[in-house]
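Notes follow once the structure below has been shown.
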Amino acid sequence: MRYEEYTIEGRNAVTEAFRSGKTIDKLYVLDGCHDGAVNTIKALARKQDTIVNYVSKERLEQMSSTGKHQGVIAQAAAYEYAEVEDILQLAEQKKEAPFIFILDEIEDPHNLGAIIRTANLCGAHGVIIPKRRAAGLTAAVVKASAGAINYTPVAKVTNISKTIKDLKEKGIWFVCADMDGEVMYRQNLTGPIGLVIGNEGNGVSRLVKEKCDYTAAIPMKGDIDSLNASVAAGVLAYEIVRQRLQEK
């Protein structure tokens with residue numbers, strides 16, 4: 001189901017959005033506001049496990065396009081999220097070893113959209129993103145995916161490390177992009193695999209990296225020391241594709 005509304009302002013509109021089952025990525029509430037209507041909205045947010053951000057009046061005014069936010073602004077997903085199980089089922093339907101992208105705090109919507117596009121083109125079965133400190137499926141992400149979002153499921157999870165642990169129990173191996181890892185051409189990247197790409201500035205977090213089975217580095221010969229996150233995802237993903245093709 002495609003969602004047409006991305007930003008929702010005002011207490012009644014936000015309340016109805018939650019009650020209608022619309023997926024709300026983030027809720028912004030005026031800091032210090034605790035009246036009945038706002039408390040009801042916060043309770044609905046907790047029920048849906050929506051992230052609640054308490055912000056200043058100035059911040060809400062900057063975000064508002066109507067000037068009638070009444071102390072609450074919600075950001076709805078521009079597209080419906082899948083479940084992790086949906087991604088595994090897609091691999092099973094295609095009779096292929098699972099190939100999953102795990103994104104650790106990718107914040108730029110254009111990067112996220114580009115990575116979803118790459119995931120689709122390289123035959124990955126889905127993308128997993130965290131609920132916190134990361135871009136969600138905003139209108140900008142949908143646009144940057146160039147239609148790939150229609151075919152590549154994106155799941156949103158509370159804890160990336162736990163998700164990796166759970167998937168490892170299902171036989172999936174995990175490789176994370178890391179400059180200090182072994183050069184990707186020397187690694188066996190075949191079989192059921194999860195490719196972990198880290199934050200644009202800080203890379204893969206320590207806790208997530210510890211859950212991975214190995215790290216892979218992209219050889220670089222230039223004068224700067226890192227690639228854009230979406231480009232790194234593409235380079236590593238296509239090394240996985242190359243090794244998969246050699247197996248056939």
Could you tell me what fraction of 2.2 N^0.38 Å the Cα radius of gyration of the range 39-101 comes to, as a two-decimal ratio?
1.73
Shape call, the range 189-240: gyration tensor on alpha carbons, a/c limit 1.5
oblate
Given a 1.4 angstrom probe, I'd like the percentage of the accessible area of the range 120-245 that is carbon and sulfur, rounded to a whole number.
52
Semi-axes of the equivalent ellipsoid of the chain: what are they in whole Å, largest first, if each equals the square root of 5 times a C-alpha gyration tensor eigenvalue?
36, 19, 16
Packing-wise, with mean Cβ within 10 Å as the measure, how do 81-87, 110-116 rank, highest first?
110-116, 81-87
Nonlocal amide H pairs with Ile128, under 5 Å, H built at 1.01 Å
Phe101, Ile102, Leu103, Ala155
Check which residues have an amide H placed less than 5 Å from Ile51's amide H, if you skip close sequence neighbours.
Leu27
Carbon-plus-sulfur fraction of the accessible area of the range 1-89, 1.4 Å probe, in percent?
44
Note to self: with every protein chain in place and a 1.4 Å probe, the range 44-88 gives an accessible area per residue in Å² of 57
Can you flag which of Lys156/Lys211; Lys95/Lys156; Lys57/Lys143 are past 28 Å Cα-Cα?
Lys57/Lys143
Length gain on complete extension for the stretch Lys68 to Gln246, per 0.36 nm per residue less the alpha carbon to alpha carbon distance?
58.2 nm
Could you tell me whether the range 144-248 comes out rounded, prolate or oblate from its Cα gyration tensor? Rule is a ≥ b ≥ c as square roots of the eigenvalues, rounded for a/c under 1.5, then prolate if a/b exceeds b/c, otherwise oblate.
rounded
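The values are calculated or read from the model by the stated rules, or taken from the named source; none is laboratory data. Just so you know, these numbers come straight off a predicted model, no measurement behind them. No Cβ is skipped: glycine too gets one built from the backbone with ideal geometry, and neighbour counts run over all protein chains shown. Quick note on the areas: whole protein, heavy atoms, side chains included, nothing else; ligands and nucleic acids left out. Shrake-Rupley method; radii C 1.70, N 1.55, O 1.52, S 1.80 Å.
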